[in-house]
Amino acid sequence: MADAPWWKSAVIYQIYPRSFMDSNGDGVGDLAGITSKIDYLVDTLGIDAIWISPFFNSPMADFGYDVSDYTGVDPLFGDLDAFDSLVARCRERGLRLIIDWVPNHSSSEHPWFVESKSSRDNPKRDWYTWADPAPDGGPPNNWIAVFGGPAWEYDDSTGQYYLHSFLASQPDLNWRNQGLKSAMLDTLAFWLDRGVDGFRMDVVHFAMKDPELADNPVLDQPETGYKSLGNEYDRLVHANDRGHPDIHPMLREVRSILDRAEAESGSAKYSLGEIHLLDWNEWASYYGADNDELHMPYNFAFVNGPWTAQWARNNVEELEAALPEGAWPNYVLSNHDEHRLVARLGWDRSALAILMLLTLRGTPTIYYGDEVGMLQADIPPERQQDPWGQRVAELGRDGERTPMQWDATPEAGFTKPGVEPWLPIVDPDGLHNVAAQLDDPNSRLEFYRRLLAIRKTSSALQLGDYQTIHVVPDEVFAYRRSYGHEVVEIYLNMGQSPVDVVAEGSLLVSTDRARSGAVRNPTLAGLEAIAIIP
Ligand code: NOJ
């Protein structure tokens, strides 16, 4: 246990900084707000690390994922002093701090892009990807932006197109340019020097494309699977616009910055790449052949799917089989790009999913507000703030980014009384908030607290091996976690009807509060999940 780096046993909690806690009463969350809630995170909830989505200077076209200064704090969120105070508070409380890093694209208002766009012979021209129009004057190739429309924007003044995999106001950085590369690597070093423990890396596999800018193959039928975007993006095989093999040497350079900081500080550093890939082997390649690239590519397998026992078991077994020797898995159920967990799964199935998340082998990430079962906000099309929602209402992400609900007041304790938060509060019955749930043994918050506390005292759950338990009814996904002599068994009835399982031991936790004491060949209620010590 003592030898394992913190990121193996940690539970990560994702904070969307606009929506966690507003300290200055402008209706938008900020860094000082986060600092004021560190005790909640450590003592009340019991998590080990936070990942904060971008708080850097930004015109906010994509709410911070369009960075105009990689080493600054947007005034909306505070300043570098506020960041330093946050680091200090995290240190005091033993909480690890992970920040977001957006390597694929900057804002079009970043001074680098302003220079790059100013003329064809500007020294920073190649810091971004520029290309001549096709013979018909149209875009240089058939690449499509994730948010829809061509991935190319024409610049009148210089007569070329620039590449943007997301919004036109998010031009893609050119990692093949040495100057850009070293400037971006310096931004990592900047935050490491300021005391961060790691980075979540936004769509990092997009950073390397085909240098020849070849067309993507076109499908007859749109691709389905994870993130069907419902636009022309799905009609392409993304063979050339992301994940070029040169991404691997680039990630090794990124890793060497982290490793150096680790050696200098004597404290483990960590990288978690946002990599949406369905092919396990391709996904696993981002650990690096010698575990020398990302510490982990994010595993989104449980974000969408049928929630059957076979599907869940396959997800875990395929992941375990694909992992390179010595690599460590991770799991996540929700984030700022996905509808709220309870909206996707319903109340009971989400409880089962949470028990699974916190008992599988791997580092779990929890999305803020899920611990009180925050609901999905229904934002009318005309009130959508998210650029995606403004284009395709159903894809809007505002609904999962609403302010954290701390209490049942009209502002939910998120901002000062009388201030209107940037997005609505979604607590119709006044029960989906921390104050209402704390000390209620039947609440979602208490369920999380109990699970997190159990995990913290169990080497088997934090670091133990994984083994599928095969002799169970079809509807049940069951597994064993073991570390030395310590063993925990988990049985998840993923069906709606009661089932009998052959198992014996003392109950650690169940999604059914009424269950207690010794367990002997129990009948699990529909969607009931239990963990036992056999
Ligand atoms: C992935 C982020 O999670 C998402 O919120 C963002 O819009 C895109 N990357 C573009 O940066």
Query raised in the report: Is it true that residue 526 is in a strand (DSSP E or B) and in contact with a Pro (Cβ under 9 Å, 6 or more places away or on another chain)?
Result: no
Query raised in the report: If you go through the range 115-139, how many residues are among the hydroxyl-bearing types (Ser, Thr, Tyr) and in a loop (DSSP other than H, G, I, E, B)?
Result: 2
Query raised in the report: within 14 Å of the ligand (Cβ to nearest atom), in the same structural domain as residue 264 (by TED's automatic domain parsing) and over 30 Å from residue 95 (Cα atoms) - does that describe any residue in the range 186-204?
Result: no
Report task. Please work out which residue is surrounded by the most Cβ atoms within 10 Å (Cβ to Cβ), limiting yourself to the range 375-425 and to residues that are within 22 Å of residue 32 (Cα to Cα) and of a type in the set (Val, Ile, Thr). Result -> 402
Query raised in the report: Going through the range 258-296 one residue at a time, which ones are within 16 Å of the ligand (Cβ to nearest atom) and in contact with an Asp or Glu (Cβ under 8 Å, 6 or more places away or on another chain)?
Result: 274, 286
Report summary line: The one condition residue 274 fails out of (1) of a type in the set (D, E, K, R); (2) touching a residue at least 24 places away in the same chain (Cβ under 8 Å); (3) farther than 29 Å from residue 529 by Cβ is (3)
Query raised in the report: Restricting the first residue to the range 443-466 and requiring it to be closer than 11 Å to residue 11 by Cα, which pairs with a second residue that is aromatic (Phe, Trp, Tyr) and modelled with pLDDT of 95 or more meet a Cβ separation below 9 Å and a spacing of at least six or different chains?
Result: 462/483
Query - Single residue of 295, 339 found to be surrounded by fewer than 23 Cβ atoms within 10 Å (Cβ to Cβ), within 17 Å of the chain's Cα centre (by Cα) and not assigned by TED's automatic domain parsing to the domain that holds residue 481 - result: 339
Query - Residue in the range 318-342 that is farthest from the ligand (Cβ to nearest atom), counting only those that are in a helix (DSSP H, G or I) and farther than 20 Å from residue 444 by Cα - result: 321
Query raised in the report: Of the conditions (1) within 24 Å of residue 202 (Cα to Cα); (2) part of a helix (DSSP H, G or I), residue 364 fails just one. Which one is it?
Result: (2)
Report task. Might you let me know whether the range 244-253 holds any residue that is in a loop (DSSP other than H, G, I, E, B), touching a Phe, Trp or Tyr at 6+ places or on another chain (Cβ under 9 Å), closer than 24 Å to residue 65 by Cα and modelled with pLDDT of 95 or more? Result -> yes
Requested in this report: Scan (1) assigned to a helix (DSSP H, G or I); (2) in contact with a helix residue (DSSP H, G or I) (Cβ under 7 Å, 6 or more places away or on another chain) for the single condition residue 87 breaks and write down its number.
Outcome: (2)
Query raised in the report: So which residues in the range 63-87 are within 16 Å of the ligand (Cβ to nearest atom) and either closer than 19 Å to residue 387 by Cα or over 23 Å from the mean Cα position of the chain (by Cα) (or both)?
Result: 63, 64, 65, 66, 67, 68
Requested in this report: Have a look at 151, 207 and point out the one that is crowded, with 16+ Cβ neighbours inside 10 Å, small (Gly, Ala, Ser) and in the same structural domain as residue 129 (by TED's automatic domain parsing).
Outcome: 151
Query raised in the report: If you check residue 168 against the conditions, is it surrounded by fewer than 24 Cβ atoms within 10 Å (Cβ to Cβ), within 12 Å of the ligand (Cβ to nearest atom), of a type in the set (Gly, Ala, Ser) and not assigned by TED's automatic domain parsing to the domain that holds residue 65?
Result: no
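The values are calculated or read from the model by the stated rules, or taken from the named source; none is laboratory data. Only a predicted model underlies this, so the values are computations on that prediction, with no experimental measurement involved. Positions of Cβ are backbone-derived with ideal geometry, glycine not excepted, and every protein chain shown enters the neighbour counts.
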